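**Student:** What follows is a single structure, and I will ask about it in a moment.
The values are calculated or read from the model by the stated rules, or taken from the named source; none is laboratory data. Quick caveat: nothing in here was measured; it's all calculated off a predicted structure. Counting neighbours? That spans all protein chains shown, and the Cβs are built from the backbone with ideal geometry, glycine included.
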There are 2 protein chains.
Amino acid sequence: MTPPERLEAPLRWRDRTEPGDPDAVTRIVHATDFFNDEEEAVARELAEERLARGAESGYEFLFAERGERAVAYSCYGRIAGTRESWDLYWIAVEPAEQGRGLGRELLAQTEARVRAAGGGRLYVETSGRPSYASTRDFYVRMDYALEATLADFYSPGDPKCIYVKLLR
Amino acid sequence: MTPPERLEAPLRWRDRTEPGDPDAVTRIVHATDFFNDEEEAVARELAEERLARGAESGYEFLFAERGERAVAYSCYGRIAGTRESWDLYWIAVEPAEQGRGLGRELLAQTEARVRAAGGGRLYVETSGRPSYASTRDFYVRMDYALEATLADFYSPGDPKCIYVKLLR
């Protein structure tokens, strides 16, 4: 007899935020080992803002769950003062779930929700440092175009790259 | 006898926010006739955030007052996740006070505060539409350099221009 396969719970998508989400966000973002303490704090703060103020916060969340566990999420929202521009503020996938297309699926699901809400352009910003090359490649593979680079934005030698995808 | 000259109260600068500031901000921004309703609401919200959460809000305010009346203000703050990048979120001068250098003085005072707080770069964003030409010229005269333009950002045909000034 072969050992029983590990039965993996199917993936579910959840848009509605829950009281435990700030903790889930902190856990996922921390586990990626990709963000510093201040970035982690900001990621958590956005989830708290959403819980406290609802849609008025301007932050939308999409969680991918396996069983009861959130394993990936995105945070996005319409940019105030624009007709149809939206920002992808955050996207993160737990390490154990990486490498099997969940990031692509999460981003595609996010784009579908932005499109359905009337969004025409989705912006995403990331660092131009060598260590972010795989992040930038990911966006390019997802049809984001590099529209601008702000030199020394994050710190001297660390530029901000602004990508945009037209959703229509 | 000549009629008595109108004695004008001297200008004072105030960094500390006060309970009446959301109203003052709304009044000044509305009076400029330059911002739409949503922008007016955002301007007010930043002042409310600052009053509610203090420095933790990330929003700093500088008011120019004549007598008891705020006649111009700027709103600025450090950009989280960056070492020394700051954003100028808002700057507005009452129409009756325009045309005599108060905008320049307000921006210079703001830059001095950013510099004193350790800021090395100050970003400002504005529209690329023809009706914003005087705003863009103002920033260029104040030594801001156009670093990027995001096409159709505000709406189709209405790009966002990102300017930056190095403060050191």
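**Student:** Among the residues of region B:79-95, write down those that are within 14 Å of another protein chain (Cβ to nearest Cβ), under 14 Å from the mean Cα position of the chain (by Cα) and among the charged types (D, E, K, R).
**Tutor:** B:D87
**Student:** Please tell me if B:G99 is among the small types (G, A, S), loosely packed, with under 12 Cβ neighbours inside 10 Å, out of contact with any Lys or Arg (no Cβ under 7 Å at 6 or more places or on another chain) and in a loop (DSSP other than H, G, I, E, B).
**Tutor:** Yes.
**Student:** Out of the residues in region B:51-91 that are of a type in the set (S, T, N, Q) and not in a strand (DSSP E or B), which is nearest to B:R16 (Cα to Cα)?
**Tutor:** Filtering region B:51-91 for residues that are of a type in the set (S, T, N, Q) and not in a strand (DSSP E or B), the one nearest to B:R16 (Cα to Cα) comes out as B:S57.
**Student:** If you don't mind, another one. Would you please name the residue that is farthest from the other protein chains (Cβ to nearest Cβ), looking only at residues in region B:29-43 that are in a helix (DSSP H, G or I) and exposed (fewer than 14 other Cβ atoms within 10 Å of the Cβ)?
**Tutor:** Among them, the one singled out is B:D37.
**Student:** Being part of a helix (DSSP H, G or I) and under 28 Å from B:Y89 (Cβ atoms) is true for just one of A:L46, A:L122, A:L106. Which residue is that?
**Tutor:** On the way: A:L122 fails: part of a helix (DSSP H, G or I); A:L106 fails: under 28 Å from B:Y89 (Cβ atoms).
A:L46 is the lone residue from the list that is part of a helix (DSSP H, G or I) and under 28 Å from B:Y89 (Cβ atoms).
**Student:** Please go through (1) away from chain A (no Cβ under 14 Å); (2) touching a Leu at 6+ places or on another chain (Cβ under 8 Å); (3) buried (at least 18 other Cβ atoms within 10 Å of the Cβ) for B:F63 and return the number of the only condition it doesn't satisfy.
**Tutor:** B:F63 satisfies all of (1) away from chain A (no Cβ under 14 Å); (2) touching a Leu at 6+ places or on another chain (Cβ under 8 Å); (3) buried (at least 18 other Cβ atoms within 10 Å of the Cβ) except (2).
**Student:** Mind checking which residues of region B:143-168 are crowded, with 18+ Cβ neighbours inside 10 Å and in contact with a Pro (Cβ under 7 Å, 6 or more places away or on another chain)?
**Tutor:** Matches in region B:143-168: B:L150, B:D152, B:F153.
**Student:** Those residues that are touching a Lys or Arg at 6+ places or on another chain (Cβ under 7 Å) and more than 10 Å from chain B (Cβ to nearest Cβ), I need them from region A:146-164; list them, please.
**Tutor:** A:C161
**Student:** I've got another one for you. When the residues of region A:125-153 are filtered to those that are in a helix (DSSP H, G or I) and among the aromatic types (F, W, Y), which remaining residue is nearest to A:T82 (Cα to Cα)?
**Tutor:** So, considering only residues that are in a helix (DSSP H, G or I) and among the aromatic types (F, W, Y), the one nearest to A:T82 (Cα to Cα) is A:Y139.
**Student:** Given the condition more than 30 Å from B:E40 (Cβ to Cβ), modelled with pLDDT of 95 or more and β-branched (V, I, T), answer yes or no: does some residue in region A:74-89 qualify?
**Tutor:** No: zero hits.
**Student:** Next question. From the list A:V140, A:V114, A:V124, A:V93, exactly one residue is aliphatic (A, V, I, L, M) and surrounded by fewer than 17 Cβ atoms within 10 Å (Cβ to Cβ). Which is it? Give the derivation first.
**Tutor:** Details: A:V114 fails: surrounded by fewer than 17 Cβ atoms within 10 Å (Cβ to Cβ); A:V124 fails: surrounded by fewer than 17 Cβ atoms within 10 Å (Cβ to Cβ); A:V93 fails: surrounded by fewer than 17 Cβ atoms within 10 Å (Cβ to Cβ).
Criteria check complete, one pass: A:V140.
**Student:** What do you reckon, is B:V114 touching a helix residue (DSSP H, G or I) at 6+ places or on another chain (Cβ under 7 Å), β-branched (V, I, T), assigned to a helix (DSSP H, G or I) and closer than 28 Å to B:E147 by Cβ? Full working, then the answer.
**Tutor:** Numbers: touching a helix residue (DSSP H, G or I) at 6+ places or on another chain (Cβ under 7 Å): no; β-branched (V, I, T): yes; assigned to a helix (DSSP H, G or I): yes; closer than 28 Å to B:E147 by Cβ: yes.
Criteria not met by B:V114.
**Student:** For the structure I just gave you, tell me whether B:A72 is farther than 21 Å from B:F138 by Cβ, crowded, with 20+ Cβ neighbours inside 10 Å, away from chain A (no Cβ under 13 Å) and touching an Asp or Glu at 6+ places or on another chain (Cβ under 7 Å).
**Tutor:** no
**Student:** Find all pairs meeting these conditions: Cβ atoms under 6 angstrom apart; at least six residues apart or on different chains; first residue within region B:116-144 and within 14 Å of chain A (Cβ to nearest Cβ); second residue surrounded by 11 or more Cβ atoms within 10 Å (Cβ to Cβ) and small (G, A, S).
**Tutor:** What qualifies is B:R121/B:S85.
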